[in-house]
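A quick write-up on the structure given underneath.
The values are calculated or read from the model by the stated rules, or taken from the named source; none is laboratory data. This structure is a prediction, so every number in the text was calculated from the model and none was measured. Positions of Cβ are backbone-derived with ideal geometry, glycine not excepted, and every protein chain shown enters the neighbour counts. Heads up: the accessible areas ignore ligands, DNA and RNA and are worked out on the full protein's heavy atoms, side chains in. Shrake-Rupley method; radii C 1.70, N 1.55, O 1.52, S 1.80 Å.
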Amino acid sequence: MSSPVLAVDGLSKKFISAGQRVPVLSGLTLGVHSGESLAIVGRSGSGKSTLLNLLCGLQKPDEGAITVVGESFDSSGNSDSDARWAELRRRSIGVVFQDANLMPALSLLENVRLRAHLAGLTAGGERDWLERLGLGAEADRYPDQVSGGQAQRAALAMVFAMAPALILADEPTGSLDRHTADEVAECLFTMQRDTGCALILATHDTALATRCDRLLDLSAVKPSGAG
Amino acid sequence: MMLVRAFVSHYRRHPIQLAALAMMIVLATMLWTGVTVLTDQARNSLFQSEEAVAARVHVVRSDGEPIGVNDFVALRLAGACIAPWLEIQRPPPEGRVIGIDLLAMGCFGDAAPGGEAGTLDGAPFVDISEAVRLSGEEYDSRLYLLAASENPALPDGYALREFSLGPATGELADSFLLNLDALSLLVLLITGLLVRSVHRLGIAQRQHSFDLLHRFGVPRRRVRQLLALELVVLTGVCVLPGLWLGAQLAGMLGGGFGQALDSLFDVTLYAGSTESLPWQAAGIMVLLVLAVCLVDWVVPQTWQDAAVSGRGQLVAVAVLLVGLASVALAQGLAGVFLGTALVFAGTGWLTPGLLAILAQRRADGAEVYGTGPLIRWRLRELAVMFRHLALPVVALQFAMATVLAVQALVTTFENTFEDWLAQRLEAEFYVQVPPGADASLAAKRLSELEGIGPWHRVIRGKARITAGDSGKAMGAEGESVSADLFALTPIGDLVSDWTLLASVDQPWQNLERGGVMINEQLARRHRIEVGDPLRILLAGTEASTSVVAIYADYGRPAGEVLMSGAELPENFSARFESFSVNPGELAMADISEQLGSIWNTPEVTVRDNASIRALASQVFSQTFLLTRAISILTLVLAAVALLIMGWVFFTTRVWYFRLLGIWGLPASAIRSQLRRLSVTLTLTVTIAALPLGIWLTWVLVSRINPLAFGWSLPMDLYPFFWLELGAIAVLTGLVIAQLMRRQLVHRVSDKQVEA
Amino acid sequence: MRLFSRFVALLIAAAVAACSDSSTETGFAGLAQQVGEVEESGFQQPQPGDTLVFPDDWGPHPQHRIEWWYLTANLETSDNQPLGLQWTQFRQALKPRAVESEPPHPQTWPLEAAWMAHGAVSYGGEHWFEEKLARGDVGHAGATVEPFRVWLDDWRLEATAGSDVWRLQVKGDGWSYDLRLINTGDVVAHGNDGFSAKSASGEGSMYFSLVDLQIKGTVTLGDETLKVSGVGWFDREWSSQFLKAGQQGWDWFALHLENDEKLMVFRLRENEGAFVSGSLVGAEGEVEPLSGDEMTLTPAQWNESAQGRVPVTWRLKIPEQGLNLTIAAPSGDYWNAGLYPYWESPVSVTGSHNGVGYMELTGYRD
């Protein structure tokens, strides 16, 4: 197996709550390879979203090191780390949230194009991505003109259109009904397989979690000294 | 109680919104109160001054000779109730004074000067003996004999004429006040829009809690009542400091305003004539706030939807067209003001939609690839902002248009005034020829002086002129008309810069050869054109000549004839003579000493035109201080409102900027997008304000001015000021971007943190 | 008209620096002022010993502050209804001028003197009054000696050429009169050869009268023109100060008695008491000055009027002359409502003698 797309070593993060520093993550170590999918589960407040934020550079760890697509970051937060993280998010890391992944002023197609443009891709084919996700007819609609499931599928189209090495999905089906959620999940896993990228998925949904290759329960790896 | 707490909690969570609403109301009340106090004072003063000029007719001699003291005596002895009115035209800053004889006005009875305005304190009335003393030989003076009634028994040889003081004082000042009123109404409109926009924003944010209350069983009517009560309380609380500030503003500007009225219109402002705070202004404010905020309950939703629909837009276009037409065609000021209001309404109605469509079009036209997608996104966001910030956008547009028009008007006035001054004060020094002194000797001496700059001798008097051919009737009954005569010798550099509205080739040479020039007013009033033959009666001799040029007179109402001094008949008796002198290499003191020795008088009256000019300009700037202050305050208010609104509105869009960051756009690039967005917004508003502002300038200069003043100003545009305004817009945009950016920074990825 | 009063008050105040309260209180006929101020102002003040100079004294006295030409007439219409009329022309100088110096040029609209004319007619219980104002030296108001002429606008009293007859023409709003006046008596010099003391301390005025005027003419009231005839009384008086400080007003009476005697009495009301003086002109024209201790003049009946309480009936007793008179105004309101309102009415005389006359009361305004 090749070197991991993502390698995390001794990652710790604390939050200040009511004047006290409360550890959320402590000494977490993991690695994810291309084509591999990892589900992060745990009860609310266990640090799922925090972990995802740390993995895409939106938050800084207190301790530990992260290596993504060959780029290494440690807790010292070098002056250029923000720029490197941004570059990674533009080209290599796709992020999907529970909702509001789309610019409301742009049509689905325009959203995909914008994302692709940011990823530095100039070739066409954005419409193909939408078609592959079953949104060919909705390509010129605006986010408020499509259903929640369609919007999430469009968000997936955007992510895949940028040809990412790693997808971070935070409760991507959290606001959808069962049926739609299954549809979206199906799309996600199919595409992930097809493109061979790595996927890290934070979810409460055990059905969704069990579709992943591996599972990390943050509640179970409760850091020492915590509650 | 719980209900009230639920109401208040919104503002506890959004104190800035409350502060913005309160500030709008305070500022609006302040502006409105300030202007109301000032215009009320001015109106009172004006009314009193008009009382002082109750006479509407004056007596002239049938033989056309100027009226004199003898005529006054003869008429009074014959039992006619007439009173003298001696006008002295002095250059600013003193301005015009009018000499009257209150004793003679006694026979006017109750129609005579009554009220407080007639105090003989030189503003503008003085006792006629004092007026004579003031005028000396130096200034133009003209005696009128006012008659009390339309039909006094007049002896033979006299006739009645309408008495008007050139452009009537009352109308001038009325128009000034009318303009001010219109301006303050516009301010009121703008602030109304702003209050509404802030309030509606709050309502939108609170809609959810209102729905919740409704679900908890609170009737919607009760919610509305509470909302209205909240507004009444808020307005009531804010109106008080507004009133106080307005009174302070009026007090601050009152001095300059009073001087403006005084110097422009001879209306004395009686400070403090409004003793108490203008409570009616408070009432108007409360009504305004309630009206703009609660209009949604009155106007059916279908109407509101229709207003922004295609059919609504059509109506707006119709309103705009009707407004434009009525401004262009109106015969009276009221029509022009109404038309202007319609144009503003139509424009305000259409602008946000049009700008949004424009942004949309530009977005659609952006490249599909390359940087296109980002530009497209930004323009789409801009379109959204135009729609959501429609009210403050329109307010800013109106404010900018107003500022632009006021600036153009004031500058036009200023330039005209400068030209007028330059024409009247053409040389550096002005030397008065003492009565009885020989001006020819002095002229000879001046021509012999080595190193002296350009100079000329001005001989002033009266002339009667008749159009040379029979086709043109000069006066109402075809008689000749009297005009002020200016004879110059030599004709040189001092006058050749005059603005000639029309002229033959080589006008000044033709003037030297016996032609005459006439002023704009004379030409207009009697439809005389360049090249027209003219008969001119001077000292009993009639000569034929022709008009070689018409010169700009900048609104001086009296007819003027300018000719070469060499063409004057021998026996012409000058009313007054003077020299305009640029000393050149010589010292003015030496020149005046030489003149003094010729005239055998130790004291030669020398006027330093530069100082007069400086004083005049100073008075002028004070004159328009108020107009400028109001329009700029409005602009500031509108800009601040847009700022606040932009900020508040941005809270609903901040996520999408963050999304860009998540998608890997560097922070600096996001800031740049923000700046571009907000600067485009304010700049576009400025550009949208330009046509409206230019149109408003045209209305002020070419419609309101002629209707109110009787003469029109040249319409000039000042693109440099547009640039200044653009710079202000850019600055506002940058400040908005800065405020947005703070939100972006302060709430980094809390969306994720919350999860 | 408030403005005018203010203006005139202002003029006067500026010219004489007098207390404006007392000036409005005491009216045009004099200003409460110390003699010293008169001297400082440059105006001449008549002194005991000053005498009359004719014909000059018919004309204006530019070195004095105030003077008037004053006619009252008790006339009857052709159907014997009593009709009283009055004409006065005042000159109020703001600046003294030597008699010999040239007047200022009319072109300058000078304001060295103001003129005021009053005309009034009292008939059938009604009273008509009008006031005219003018500045002096312009030409539409003035007085000359040769020919004798006193005029303000189209109101004029003038000697008709080649006769002893004077003509007086006055035209008010809705009323007018045109009278011929013939003097059948001598000039009556009041006081001490024309110096008429106005206070115990010696201030006074120069004062003479024509008391035997025979008058004929017409009075037009509205559309009605009445032929009138009767007797008149003409006063010339000038001074620079009439009322001194502490004097509140005066009561003046000019009476024609049935026995052909004429009587002039005035009373200047002071803070304490009054200064009373007068002249009795006998049927033959002999003049007897009357001093205050020879007579008593007291109000007998007061009437409320629109402008104030006015004594309309008087008792005059001059025991040495055997005179015990009741002087009464007819019913009606006889205020002359000009700048300085005063009461002036014809009167009838009863008691020891019957007669007619005129009464002028100043300083009764509320």
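Things to note:
- Residue that is nearest to B:LEU446 (Cα to Cα), among those in the range B:578-611 that are among the hydroxyl-bearing types (Ser, Thr, Tyr) and loosely packed, with under 13 Cβ neighbours inside 10 Å: B:SER597
- Filter pass, B:ALA549 being open to solvent by less than 10 Å² (accessible area, probe 1.4 Å) and either assigned to a loop (DSSP other than H, G, I, E, B) or of a type in the set (A, V, I, L, M) (or both): yes
- The range A:155-175, subset open to solvent by 30 Å² or more (accessible area, probe 1.4 Å) and over 20 Å from A:ARG113 (Cα atoms), residue farthest from the other protein chains (Cβ to nearest Cβ): A:SER175
- Count - residues of the range C:94-115 that are crowded, with 23+ Cβ neighbours inside 10 Å and either away from chain B (no Cβ under 14 Å) or at positive phi (or both): 1
- C:GLU158 meets the conditions (1) part of a loop (DSSP other than H, G, I, E, B); (2) among the acidic types (Asp, Glu); (3) within 19 Å of the chain's Cα centre (by Cα) in every case but one. The failed one is (1).
- For first residues located in the range B:59-76 and without any contact (Cβ under 8 Å) to a residue 60 or more places away in the chain and within 14 Å of chain C (Cβ to nearest Cβ), partners that are open to solvent by less than 70 Å² (accessible area, probe 1.4 Å) and acidic (Asp, Glu) and lie 6+ apart or on another chain with Cβ distances below 7 Å form the pairs B:ARG76/C:ASP153.
- Identification of helices (runs of 4 or more DSSP H) wholly contained in the range A:35-151 with 1 or more residues that are more than 8 Å from chain B (Cβ to nearest Cβ) and surrounded by fewer than 19 Cβ atoms within 10 Å (Cβ to Cβ) yields A:81-91, A:126-132.
- Subset of the range C:177-194 [under 24 Å from C:GLU286 (Cα atoms) and open to solvent by 10 Å² or more (accessible area, probe 1.4 Å)]: C:ILE182, C:ASN183, C:THR184, C:GLY185, C:ASP186, C:VAL187, C:ALA189, C:GLY191, C:ASN192, C:ASP193
- One residue stands out in the range C:219-253 among those that are open to solvent by 30 Å² or more (accessible area, probe 1.4 Å) and closer than 21 Å to C:GLN89 by Cβ: the one that is nearest to the chain's Cα centre (by Cα), namely C:VAL231.
- Lone qualifier among C:LEU210, C:LEU168 - being part of a strand (DSSP E or B), surrounded by 21 or more Cβ atoms within 10 Å (Cβ to Cβ) and at pLDDT 90 or above: C:LEU168
- Test: residue in the range B:18-27 that is within 16 Å of B:ALA629 (Cβ to Cβ), assigned by TED's automatic domain parsing to the domain that holds B:GLY246 and either in a helix (DSSP H, G or I) or free of Cβ contacts under 8 Å to residues at least 12 places away in the same chain (or both): yes
- Leading residue by the ranking (farthest from the other protein chains (Cβ to nearest Cβ)) among those in the range B:662-685 that are open to solvent by less than 10 Å² (accessible area, probe 1.4 Å) and not hydrophobic (A, V, I, L, M, F, W, C): B:THR682
- Residues within the range C:117-155 that are open to solvent by less than 30 Å² (accessible area, probe 1.4 Å), within 9 Å of chain B (Cβ to nearest Cβ), over 19 Å from C:ARG167 (Cα atoms) and touching a residue at least 40 places away in the same chain (Cβ under 8 Å), tallied: 1
- Any hit, the range A:166-174, residues being in contact with a strand residue (DSSP E or B) (Cβ under 9 Å, 6 or more places away or on another chain) and either farther than 24 Å from A:VAL68 by Cβ or assigned to a loop (DSSP other than H, G, I, E, B) (or both): yes
- For the range B:382-404, the set of residues classified as of a type in the set (Phe, Trp, Tyr) and more than 14 Å from chain A (Cβ to nearest Cβ) consists of B:PHE398 only.
- Note on the range C:254-275: residues that are open to solvent by less than 30 Å² (accessible area, probe 1.4 Å) and touching a Lys or Arg at 6+ places or on another chain (Cβ under 9 Å) amount to 5.
- When restricted to residues that are crowded, with 20+ Cβ neighbours inside 10 Å and in a strand (DSSP E or B), the range A:177-215 contains 5.
- Scanning the range C:60-89 for residues that are surrounded by fewer than 19 Cβ atoms within 10 Å (Cβ to Cβ), of a type outside the set (Val, Ile, Thr) and touching a residue at least 24 places away in the same chain (Cβ under 8 Å) turns up C:GLN63, C:GLU76, C:SER78, C:GLN81, C:PRO82.
- Checking C:PRO299, C:PRO311 one by one, the residue that is open to solvent by 20 Å² or more (accessible area, probe 1.4 Å), assigned to a strand (DSSP E or B) and modelled with pLDDT of 90 or more is C:PRO299 and no other.
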